[in-house]
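The values are calculated or read from the model by the stated rules, or taken from the named source; none is laboratory data. These figures come from a predicted structure and were not determined experimentally. Glycine gets a Cβ as well: all are built from the backbone with ideal geometry, and neighbour counts include every protein chain shown. We work out accessible area using only protein heavy atoms, side chains counted, and drop any ligands, DNA or RNA first. Shrake-Rupley method; radii C 1.70, N 1.55, O 1.52, S 1.80 Å.
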Amino acid sequence: MFCKRMLLVALAAILVSVGPPQVQAQESATIQALATVVSSLSITGDNNLQFGTVTPGVSKTVDKSEPGFAGQWSIVGGIGAEITLDFTLPDSLLLVGDSTNGMPISFSPLDASWDDGSGGGQLAPSGVIDPNGLGTERLGASGQMVVWIGGRVTPRIAQTGGDYAEDVVLSVAYTGN
């Protein structure tokens, strides 16, 4: 009995000193987590939408293709990035110094255009965009886009003389696509 007990203790000691079997065929590999942050998106207003002198009772239209009269913005961002174009349009121009005296202004679905470098500029742009709704386009191969807008003012017959103005805002944002 003593021999069996000694034999079991000796076997247990050998097993403990040897330990668990070692893994001999273990390998590993590493990957990286990567992300590219697109460059910041910027927009500048280059030209005001200019109707010039208007006559009471006579509507006046400025076309988006009229250099020096159509409103113009320049956009710079990531090459080929998809962006939204969101116009905030007034429904009247206000007499400077008198916010109660307005002159109606309107914008048709064809009153804005854009060029990303693939078109022919203001006179032959890449496309037309409805300024009355949210638009989605892609910046060009240079990461740039120019947007133009025209519109129509309709002075009343009894329109008070003076200078009228109101903001026309274009907001742009990356879509993530």
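Summary table
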read-out	value
Residue ID - least open to solvent (accessible area, probe 1.4 Å), chosen from residues in the stretch 104-116 that are closer than 20 Å to G45 by Cβ and not hydrophobic (A, V, I, L, M, F, W, C)	S113
Out of T30, T44, T55, sole residue that is in a loop (DSSP other than H, G, I, E, B) and either open to solvent by 100 Å² or more (accessible area, probe 1.4 Å) or within 30 Å of N177 (Cβ to Cβ) (or both)	T30
Restricting the stretch 143-177 to residues that are in contact with an Asp or Glu (Cβ under 9 Å, 6 or more places away or on another chain) and aromatic (F, W, Y), the residue that is least open to solvent (accessible area, probe 1.4 Å)	W148
Residue in the stretch 59-69 that is part of a loop (DSSP other than H, G, I, E, B), open to solvent by less than 40 Å² (accessible area, probe 1.4 Å), at pLDDT 95 or above and over 18 Å from S113 (Cβ atoms) present	no
So I79, is it of a type outside the set (S, T, N, Q), exposed (fewer than 14 other Cβ atoms within 10 Å of the Cβ) and under 16 Å from E137 (Cβ atoms)	yes
Residue count, the stretch 102-147 (criterion: of a type outside the set (A, V, I, L, M) and in contact with a Phe, Trp or Tyr (Cβ under 7 Å, 6 or more places away or on another chain))	8
Single match in G176, G117 (criterion: in a loop (DSSP other than H, G, I, E, B), more than 16 Å from the chain's Cα centre (by Cα) and at positive phi)	G117
